[in-house]
1. Away from the ligand (no atom under 14 Å from the Cβ) and assigned to a strand (DSSP E or B) - does that describe any residue in region 137-144?
2. Out of (1) crowded, with 16+ Cβ neighbours inside 10 Å; (2) in contact (Cβ under 8 Å) with a residue 24 or more places away in the chain; (3) more than 16 Å from Asp127 (Cβ to Cβ), the odd one out for Met61 is which?
3. Can you list residue pairs whose Cβ atoms sit under 6 Å apart, with the first residue in region 80-108 being closer than 15 Å to Arg179 by Cβ and the second being in a loop (DSSP other than H, G, I, E, B) and near the ligand (Cβ under 10 Å from one of its atoms)? Count only pairs 6 or more apart in sequence or on different chains.
4. Any residue at all in region 191-207 that is buried (at least 17 other Cβ atoms within 10 Å of the Cβ) and part of a helix (DSSP H, G or I)?
5. Out of curiosity, is Leu50 over 23 Å from Ala139 (Cβ atoms), within 16 Å of the ligand (Cβ to nearest atom) and surrounded by 14 or more Cβ atoms within 10 Å (Cβ to Cβ)?
6. Can you find a residue that is aliphatic (A, V, I, L, M), at pLDDT 95 or above, more than 15 Å from the ligand (Cβ to nearest atom) and within 19 Å of the chain's Cα centre (by Cα) anywhere in region 161-183?
7. Can you tell me which residue in region 66-109 is farthest from Val41 (Cα to Cα), limited to those that are surrounded by 13 or more Cβ atoms within 10 Å (Cβ to Cβ) and basic (Lys, Arg)?
8. So, in region 2-27, how many residues would count as being on the phi > 0 side of the Ramachandran plot and at pLDDT below 95?
Amino acid sequence: KQKIQVAIDGPASAGKSTVAKLVAKNFGYIYCDTGAMYRSVTLKAIQNHLSLSDESTIVAMLKQTKISFTPGNPVQHVFVDDKEVTEDIRQPNITNSVSTIASLAGVRTELVNRQREIANQNSIVMDGRDIGTAVLPNAPVKIFLIASVSERAERRYKENIAKGIETPLAQLKKEIEVRDHKDSTRKVSPLTKAKDAIEVDTTSMTIEQVVNEITKIINQRI
Ligand code: C5P
């Protein structure tokens, strides 16, 4: 049976992981959250007191690091060296440092290789920043999810409150803008819409509407 790849990219908090998970479930594909991999490297580097710009040391650490996932609802579980880090990697200090780690070429090479290996084995929905442009450039389905900064900050705010994290809305908006800027302007595979990606603006759409829209696109292409 032919393996299908669905690439979902877009800026921070555009709802990628929420809809990617639902779409994967509907089609019986696996889901791969590539952001969780960059977050995992960031967490381990911080725990080891490494300088986040020390590329060779961080890449050496990463090569000795196992990052794995197990399915879960509503969040899949993430493990670094078999220790669960599902919640740790979503803490604000990780969120605000991850773009620095993600700009290191050696880190990207290693993680992109791992991502391609996962994608080769299964039909997959993979979300991130460079899936359609760099990781799976031949994916038959590429979606670029966007939403206004205010809408994304509000979504993140609600998510945070549910997790007991109190960050003022204005600060979240600022942090999202800073992260998008770093992700869009880095040298190696910056966040950008692939030429053949379909843009979906989710600003005034419900999760269900976005899932339906993507489902329609997938069904047209497979
Ligand atoms: O998707 P999420 O917000 O968890 O991603 C965290 C960070 O990881 C992004 O801001 C970006 O710096 C990095 N990332 C990346 N390439 C990907 C996925 C995430 O550079 N494919």
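The values are calculated or read from the model by the stated rules, or taken from the named source; none is laboratory data. Predicted model only: the values in this text are computed from it and were never measured. Neighbour counts are summed over all protein chains in view; Cβ atoms, including those assigned to glycine, are modelled from backbone coordinates with ideal geometry.
1. yes
2. (2)
3. Ser103/Arg186
4. no
5. Taking the combined requirement at face value, the residue does not satisfy it.
6. Looking for residues that are aliphatic (A, V, I, L, M), at pLDDT 95 or above, more than 15 Å from the ligand (Cβ to nearest atom) and within 19 Å of the chain's Cα centre (by Cα), one finds none in region 161-183, hence no.
7. Among those that are surrounded by 13 or more Cβ atoms within 10 Å (Cβ to Cβ) and basic (Lys, Arg), it is Arg90.
8. 2
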